[in-house]
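Quick notes on the structure that follows.
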Amino acid sequence: GGDGGSGGGKKGGGLRKKTTAGLLYMLSQTVLMRFVSLGAQILLAWILIPDDFALYGIAMTIGQIVGIVRQAGVRDILIHRQHRAKKWTNAAFWMTLTTGLVLGAMLAAATPALAGFFKRPELIPLILVLAVASPFQCIAQIGLALIQAKMRFKLLATVELGNNLVLTALKIVFA
């Protein structure tokens, strides 16, 4: 009985340590990305004319709304079933790919209506880029879930930071 208790204590301490370190990594990554995003917004506001900055804002808002639906809970399921995550990976891949393709197709189909709603035909190419990106963003959730399920928070924070930095840089370059 005593050995089981001491082993459990070590395990609990390890989990506590991983969780605390993970919290610090993810918090640091989030704070750093908020500053980078703020800097990028300021830079975009400086290099874009107000009309183009408004288009960018509308497109990013549409992208964020689609992003909420894109999550679809698959990442959470894989994390929750961490010990059997490999068993669920294939199904998760096909589910996220299908979700991404359907969302992308719906967004592409809605593009003229969205451009009409905002009375901005210039939105069409921006929204179509978001539609094309949708399947890739969905599939990426699987890898992130598997990393998070293994409690590899430093790697997770690094990957998410790298992804966000690349996306931010691309927004600025294409502006």
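Mean separation of Cα pairs under 8 Å and 6+ residues apart, divided by the residue count of the chain: what relative contact order is that in percent?
34
What number comes out for the charge environment of LYS150, summing +1 per Lys or Arg and -1 per Asp or Glu over other residues with Cβ under 12 Å away?
Counting the neighbours of LYS150, the net charge comes to +4.
Which of these, GLY14, GLY22, GLY57, has the largest mean-square fluctuation under a Gaussian network model of the chain (Cα springs below 10 Å)?
GLY14
Okay, helix-only estimate at 222 nm for the chain: each DSSP H run of n ≥ 4 adds -39500 (n - 2.57), divide by all residues, round to 500 deg cm²/dmol; what do you get?
The per-residue figure over the chain is -32000 deg cm²/dmol.
Between THR158 and PHE136, what is the label-to-label distance in nm when each label sits 7 Å out along the Cα-to-Cβ direction?
2.3
Using 0.36 nm times the number of residues separating LYS86 and VAL102, minus their current alpha carbon distance, what extension gain do you get?
Taking 0.36 nm per residue and subtracting the Cα distance, the gain is 3.3 nm.
Using only the Cα atoms, work out Rg/Rh for the chain, with Rh taken as the Kirkwood radius, to two decimals.
1.09
So, counting K/R as plus one and D/E as minus one, what does the shell of residues with Cβ under 14 Å around LEU43 add up to?
Summing Lys/Arg as +1 and Asp/Glu as -1 gives 0.
Tally Lys and Arg at +1 and Asp and Glu at -1 over the other residues with C-beta under 12 Å from the C-beta of ASN164: what net charge comes out?
Net charge in that neighbourhood comes out at +1.
Each reported figure results from applying straightforward, stated rules to the coordinates on display, with no laboratory input. Since the structure is predicted, the reported quantities are computational estimates derived from the model, not experimental observations. All Cβ positions, glycine included, derive from the backbone under ideal geometry; neighbour counts span all protein chains shown.
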